[in-house]
Amino acid sequence: MYEGIIQSLIDELGRLPGIGPKSAQRIAFHVIQSDRSDIERLVEVLRTVRERVKFCLVCGNISEEIECLICRDTRRDLSLICVVEESKDVVAIERTREFKGRYHVLGGAISPIDGVGPDQLRIKELLTRLEDAQIKEIIIATDPNLEGEATATYLSRLIKPLGIAVSRLASGLPVGGDLEYEQIWSYANPDWDYSGVGLIVQKFGGSSVADAEGIKRVAARIAATKRAGQQVVVVVSAMGDTTDNLIDLANEVTPIPSGRELDMLLTAGERISMALLAMAIGNLGLEARSFTGSQAGIITDSTHGKARVIDVTPSRIREAIDEGAIAIVAGFQGISQDTKDVTTLGRGGSDTTAVALAAALEADVCEIYTDVDGVFSADPRVVPRARKLKSVTYEEMLELAASGAKVLHLRCVEYARKHELPIHVRSSFSNLEGTWVVKDRPEGASMEQAIISGIAHDKSEAKVTIVGVPDRTGVAARIFQSIADADINIDMIVQNVSAAETGLTDISFTLPKSEGSDAIAILKKIQGEIGFQSLQYDDQIGKLSLIGAGMRSHPGVTATFFAAMADAGVNIEMISTSEIRISIICRATDLEAGVKAAHSAFDLDADQVEAVVYGGTGR
């Protein structure tokens with residue numbers, strides 16, 4: 001199409017892997033329009049790479065030295081070798097931070113069509129390395145396509161007579177897949193022992209399915225679980241910020257949208273996710289069927305916006321999985337038992353959907369996938385050296401969730417505790433083992449358990465103070481019954497000592513900011529009946545909570561906590577305690593400083609940064 005040197009440039013660029021004719025043309029014109037200095041710098045880098053980069057004499061990986069960085073690392077396990085096709089596969093496995101052995105790069109895969117046989121690969125070099133008596137196991141990590149499978153079979157037959165253990169990585173990947181782009185390590189080294197597990201419910205939050213690539217990544221993980229021989233039910237949230245965008249759209253139409261119609265609107269987000277995920281799984285060669293909350297049998301009360309699950313009748317889900325399909329369920333939604341209207345379960349409701357379904361289906365485990373690697377001793381966005389917890393009990397997780405930890409929804413933990421259903425909280429962006437939420441910690445774990453499991457904080461609450469309340473029997477009951485009748489949740493309550501000369505007292509309580517205006521309106525209606533003097537409303541507060549079963553048997557926790565707050569300059573306005581929790585209210589501006597101070601005071605800081613926030617809000 002083009003003349004002379006321009007067409008030659010396009011042709012040469014088109015020979016590069018992954019570059020099609022249009023991309024080659026686009027790159028060529030970018031080169032033509034670039035500054036001369038930019039082109040000269042690129043040429044110099046290419047020349048330097050060609051001169052300096054070589055292949056490691058030991059493993060065949062690319063390196064600037066005789067031996068690559070991995071082969072020079074004395075901390076690596078000398079008894080374990082992972083065999084890969086190309087150097088890019090080494091990068092993919094190293095990214096998981098799970099493999100501690102060494103590598104052997106074959107330089108390709110057996111492909112008779114392309115004229116590539118065993119002699120064209122670094123197989124002889126591998127066999128020479130296996131003469132070392134230190135080597136006990138070989139992991140074959142070739143791609144799960146025809147060439148990769150042929151190579152793996154050939155190598156297995158060569159190595160097994162040598163008495164060295166041989167295992168296969170990526171056997172759960174879809175045929176035709178590429179090792180570089182898959183969630184690889186979990187398939188060969190699963191954190192949960194799936195042998196004997198019949199049914200798994202997996203829940204994926206909005207940040208996990210935020211875009212098409214995220215949906216395909218999640219689909220690959222689900223497909224791997226299914227190919228491992230398990231029945232799989234998946235609960236999915238709306239993509240990314242879809243729910244927030246729909247709420248904004250509703251508020252543009254009307255300042256006070258109808259609860260019924262708002263629920264009808266918001267459920268559209270999960271329907272989009274479930275359908276796209278079912279399509280992505282179908283593209284991997286497996287059958288998936290999507291279901292709305294009502295189709296899945298999620299029965300709720302009739303409270304729009306924060307409905308409660310009262311029953312689950314998953315007959316259609318059971319039918320789908322019995323027929324070998326993967327059931328995809330829209331989270332966060334159900335159908336009212338009384339009105340038959342669509343309802344939503346409130347923020348974090350997809351967690352509740354997943355656990356409720358898992359309990360009804362008698363699943364073996366419920367996996368909650370988020371954008372962090374588990375439950376941490378504090379929010380890693382505030383405390384970078386927060387420690388990942390291997391396990392927490394239901395009661396500790398309930399306190400953490402109620403105190404502001406966003407990784408799990410309170411009602412889903414209540415449901416799990418009721419049915420003694422284990423929850424595995426983990427990230428959909430990595431393959432690391434997460435945190436197990438269970439009835440009791442594994443035997444022996446209590447010996448290592450810290451006094452404090454975690455620190456939670458919450459900026460979403462407000463404080464209401466009722467000034468000058470008559471101190472007589474029945475007044476407090478009347479006040480809080482009025483609040484309860486409006487379905488408003490109260491958190492902390494403090495009543496001052498009555499003044500002897502007036503017989504009046506002050507009552508303060510905290511509640512969600514979103515319900516503050518409703519509470520004030522209700523209290524004003526009963527002011528004449530109760531006879532209190534005035535109301536004060538404060539939405540610039542923060543709640544900080546210390547949670548740990550260990551504090552039952554360790555005196556001095558309160559003193560250490562309050563000393564840490566004093567040292568950090570945090571003034572305490574309210575205090576509330578339970579057997580395993582201490583909560584305080586302070587100024588919102590002091591909250592993060594208080595969290596960091598308490599975390600350090602109880603020696604919860606990890607030796608190195610363990611927490612990676614992959615994106616989103618932690619759900």
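The values are calculated or read from the model by the stated rules, or taken from the named source; none is laboratory data. What you are looking at is a predicted structure, and each value in this text was computed from that prediction instead of being measured. As a convention, Cβ positions derive from the backbone with ideal geometry for all residues, glycine included, and neighbour counts pool all protein chains shown. Only protein heavy atoms, including side chains, enter the accessible area calculation; ligands, DNA and RNA are left aside. Shrake-Rupley method; radii C 1.70, N 1.55, O 1.52, S 1.80 Å.
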query = What angle, in degrees between 0 and 90 and rounded to the nearest 10, separates the Cα long axis of helix 242-253 from the longest principal axis of the Cα atoms of the chain?
reply = 50 degrees
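Suppose a student asked you for the relative contact order of the chain, using Cα pairs under 8 Å spaced at least 6 residues apart; what percent would you report?
Relative contact order here is 10 percent.
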note = Ile321 neighbourhood, Cβ < 11 Å, K/R = +1, D/E = -1, net charge 0
request  = Under 24 Å Cα to Cα from Lys160, which lysines show up? Leave out anything in the same chain fewer than 8 places away.
outcome  = Lys100, Lys124, Lys136
request  = Identify all lysines with a Cα-Cα distance to Lys226 below 20 Å; exclude those on the same chain that are fewer than 8 residues away in sequence.
outcome  = Lys203, Lys216
remark   = Note, Ala296: beta-carbon cut-off 14 Å, +1 each Lys/Arg, -1 each Asp/Glu, net +2
remark   = Expressed per residue, the solvent accessible area of region 454-536 in Å² (1.4 Å probe) is about 49 Å²
key: Cα centroid separation - region 65-93 against region 559-597, whole Å   = 48 Å
remark   = The relative contact order of region 1-89, taking Cα pairs under 8 Å that sit 6 or more residues apart, comes to a percentage of 13 percent
ask   = (1) 53, 29, 26; (2) 60, 32, 19; (3) 116, 54, 23: which one is semi-axes √(5λ) of the Cα gyration tensor in Å as calculated from this entry?
value = (1)
ask   = Net charge near Ala499, counting Lys/Arg +1 and Asp/Glu -1 over other residues with Cβ under 11 Å of its Cβ?
value = -3
note = Counting only protein heavy atoms and leaving out ligands, DNA and RNA, the solvent-accessible surface of Lys513 at a 1.4 Å probe, in Å² to the nearest 10, equals 80 Å²
request  = As a check on your grasp of the helix formula, calculate [θ] at 222 nm for the chain: sum -39500 (n - 2.57) over DSSP H runs of n ≥ 4, divide by the residue count, round to the nearest 500.
outcome  = -10500 deg cm²/dmol
Charge dipole of the chain about the Cα centre (unit charges at C-beta), most positive-ward option of Gly4, Tyr103, Ala598 = Tyr103
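Ranked from the most accessible area to the least, with a 1.4 Å probe and all protein chains present, what is the order of Phe480, Phe204?
Correct descending sequence by accessible area is Phe480, Phe204.
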note = Descending packing, highest mean Cβ count within 10 Å first, for 521-529, 57-65 is 57-65, 521-529
ask   = Among 536-549, 148-161, how do they line up from the highest to the lowest mean number of other beta-carbon atoms within 10 Å?
value = 536-549, 148-161
message = Sort 554-563, 290-299 by the packing proxy (mean of other Cβ within 10 Å over each peptide's residues), most packed first.
response = 290-299, 554-563
query = Using the reciprocal of the averaged 1/r over all distinct C-alpha pairs, how large is the Kirkwood radius of region 214-285 in Å?
reply = 13.8 Å
query = Considering only DSSP beta bridges whose two residues both sit in the chain, what percent are antiparallel, to the nearest 5?
reply = 55 percent
task = Run the numbers on region 197-283 and let me know its relative contact order in percent, using alpha-carbon pairs under 8 Å that are six or more apart.
result = 37 percent
query = Tilt of helix 259-283 relative to the longest C-alpha principal axis of the chain, in degrees (0 to 90, nearest 10)?
reply = 20 degrees
note = Taking Cα atoms only, helix 349-360 is inclined relative to the longest principal axis of the chain by an angle, in degrees rounded to 10, of 80 degrees
ask   = Near Lys525, which lysines are there with a Cα under 26 Å away, not counting those fewer than 8 places off in the same chain?
value = Lys306, Lys463, Lys513
